[in-house]
Structures are given as C-alpha cells and as structure tokens.
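Heads up, the thing below is written out as structure tokens.
The values are calculated or read from the model by the stated rules, or taken from the named source; none is laboratory data. Since this is a predicted model, take the numbers as computed values, not measurements. Positions of Cβ are backbone-derived with ideal geometry, glycine not excepted, and every protein chain shown enters the neighbour counts. Protein only, heavy atoms only, side chains kept; ligands, DNA and RNA dropped before computing areas. Shrake-Rupley method; radii C 1.70, N 1.55, O 1.52, S 1.80 Å.
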Amino acid sequence: WEQEKTVRLKEISQNFIKLVSENVETERNLSFYADKLCITPKYLSDVIARTTGKKALGWIEEYIMMKAKSLLTDTSLSISTIARQLNFYTPSDFCKYFKKSEGISPKKYRIQQAGNNTLPKESSDIR
C-alpha cells in the first residue's frame, strides 16, 4: 500500500511540473494547478514539498523566472511586451517581481546578459 501511495505522489509531482511548464505564462495561481489535478491546493502543496523538497509556489516562480530570462535575451521584445506575455497586470508589477527574485531589474539583467555574450579575445591576441 505504501509503495502505491509513493507512486501516486510522484505521479502528482510529475504532472504538476509538466502543467507548470506548459501554463506558467498565463497561470501563477496554485489553485489552477490543483484544479487541473483534481486535488486541493493544500494537498498539492504538501505533496510537492514532500516529493521534491521545494514548495509548489517555488516551482512556479522558478519556471516564471526561466521564461522571463529567456524572453529578456530577445532584445526585440520590450519589457512591457514581456510583462504582458507573462500575464503580469502591469510592466511595473513584472519589474518588482523580477527584482525581488533576482536582486536586479529586468533592464539591468538584460544589459548584464548582453555583456556576458561578448566573446573574449583569445589570450594570444592580448599583448
């Protein structure tokens, strides 16, 4: 019986991660994912913490930030466009969320990444 329960908990976790990866651009609410899995948000939260060692909202935030960082590398997209695409109410809300998570603004992150993408000179070229 314990083994069946463990398998079920892992299945819930895997389905949750899959749903988050597919829906994070439009859904950040734990209730949405719980409803999709036909369980309560509290139970979902408990299962995720137990099986992954990380809070369910932590997974959602991680996927939002991965998507945001990916979108920020495309300099043809404005920060406002990215905020809309990630379903933030305003660009300011997106900027606050990003800064709280990363410690820097989306604009600074973009500049930082652009600087990191320049190719270093080979050591033989430096004299």
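Report the calculated FRET efficiency for residue 11 and residue 31 (r = Cβ-Cβ distance, R0 = 22 Å), to the nearest 0.05.
0.65
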Exercise. Provide Rg and Dmax in Å for the stretch 38-122, with only Cα atoms included in the calculation.
Key: 16.1, 56
Quiz item: Hey, if you put +1 on the Cβ of every Lys and Arg and -1 on every Asp and Glu Cβ in the chain, which of 20, 101, 59 ends up farthest toward the positive end of that dipole?
Solution: 101
Practice problem: Could you quote the convex hull projected area for the stretch 1-89, Cα atoms only and averaged over all directions, in nm²? | Solution: 6.1
Quiz item: How large is the accessible surface per residue of the chain, computed with a 1.4 Å probe and reported in Å² as a whole number?
Solution: 68
Exercise. Let me have the 222 nm mean residue ellipticity of the chain computed from DSSP H runs of 4+ only, each contributing -39500 (n - 2.57), with the sum over all residues rounded to the nearest 500.
Key: -22000 deg cm²/dmol
Self-check item: Sulfur and carbon atoms: percent of accessible area, the chain [1.4 Å]
Solution: 52
Quiz item: Nearest 20 debye, what's the magnitude of the dipole of the chain about its Cα centre given +1 on Lys and Arg Cβ and -1 on Asp and Glu Cβ?
Solution: 380
Quiz item: Which whole-number percentage describes the relative contact order of the chain, with Cα contacts under 8 Å and a sequence gap of 6 or more?
Solution: 19
Self-check item: GNM flexibility winner over the chain from 33, 43, 97 (Cα, springs under 10 Å)
Solution: 43
